Amino acid sequence: MVPSKNIVLIGFMGTGKSTVGKILAKKMSRALVDIDHRIEEREKRKISEIFEKEGEEYFRRLEKEMIRDTASHSGQVITTGGGAVLDAENFAALKSSGFLVALTASPETIYQRVKDTRHRPLLKSPDLMAEIRRLLEIRMPVYKKADLCFTSDGKSGAQVAEQILEALEKEEEFEFGKDWF
Ligand code: S3P
């Protein structure tokens, strides 16, 4: 594996990117850069407040800027918000900076993980399950373009991180790592 390439976690809300990213960064002794966290630090307010006061378009501009800055550095573990890679420029910037690793989970798993959380502005629909399914259908084709894909259904963050590390060690056999369905 080329050590300086970034490891970039992408995927839908509630698929475990933050948990897995923390474990990966620790195991690999790498800096962890969470794009949303960096945006909150820079703006000195929460993502939910940015959405509420300035709207999604404003948030997406901040996200794009942060991704451009972050992708210009190497050797990091980067975790992204669920909508980040829907933008083609964001996808390309992250892709050219390292390995894109997508985490997936079934709509049912995602529902269980997010139903009692309040910090996600895009998951406020009264029919949460329908909204998860709707967004997943739109986004899945983009997540599938990652170099590696893993489901986090029924797995702990540590188990997913271990699978990612094993696959990265066999970098030349990348195709082998795809376990979408
Ligand atoms: C978003 C996901 C969130 C956050 C923002 C928008 C999305 O991050 O970036 O609320 O569009 O899916 P997580 O995927 O970490 O929840």
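Can you tell me which residues in the stretch 167-181 are open to solvent by 100 Å² or more (accessible area, probe 1.4 Å) and modelled with pLDDT of 50 or more?
169, 172
For residue 85, state whether it is within 14 Å of the ligand (Cβ to nearest atom), in contact with a helix residue (DSSP H, G or I) (Cβ under 7 Å, 6 or more places away or on another chain) and among the β-branched types (Val, Ile, Thr).
For residue 85, the condition - within 14 Å of the ligand (Cβ to nearest atom), in contact with a helix residue (DSSP H, G or I) (Cβ under 7 Å, 6 or more places away or on another chain) and among the β-branched types (Val, Ile, Thr) - is met.
Restricting the stretch 22-50 to residues that are over 13 Å from the mean Cα position of the chain (by Cα) and open to solvent by 70 Å² or more (accessible area, probe 1.4 Å), which is farthest from the ligand (Cβ to nearest atom)?
29
Which of the residues belonging to the stretch 102-118 are within 11 Å of the ligand (Cβ to nearest atom) and either open to solvent by less than 30 Å² (accessible area, probe 1.4 Å) or under 16 Å from the mean Cα position of the chain (by Cα) (or both)?
Answer for the stretch 102-118, where residues must be within 11 Å of the ligand (Cβ to nearest atom) and either open to solvent by less than 30 Å² (accessible area, probe 1.4 Å) or under 16 Å from the mean Cα position of the chain (by Cα) (or both): 103, 110, 113, 114.
Restricting to the stretch 82-101, and then to whatever is open to solvent by 50 Å² or more (accessible area, probe 1.4 Å) and hydrophobic (A, V, I, L, M, F, W, C), can you tell me which residue is nearest to residue 19 (Cα to Cα)?
86
Yes or no: residue 74 open to solvent by 20 Å² or more (accessible area, probe 1.4 Å), away from the ligand (no atom under 12 Å from the Cβ), on the phi < 0 side of the Ramachandran plot and touching a strand residue (DSSP E or B) at 6+ places or on another chain (Cβ under 7 Å)?
Answer is yes for this residue.
The values are calculated or read from the model by the stated rules, or taken from the named source; none is laboratory data. Keep in mind that this is a model prediction, so the values were computed, not measured. All Cβ positions, glycine included, derive from the backbone under ideal geometry; neighbour counts span all protein chains shown. These area figures cover heavy atoms from the full protein model, side chains too; ligands, DNA and RNA do not enter into them. Shrake-Rupley method; radii C 1.70, N 1.55, O 1.52, S 1.80 Å.
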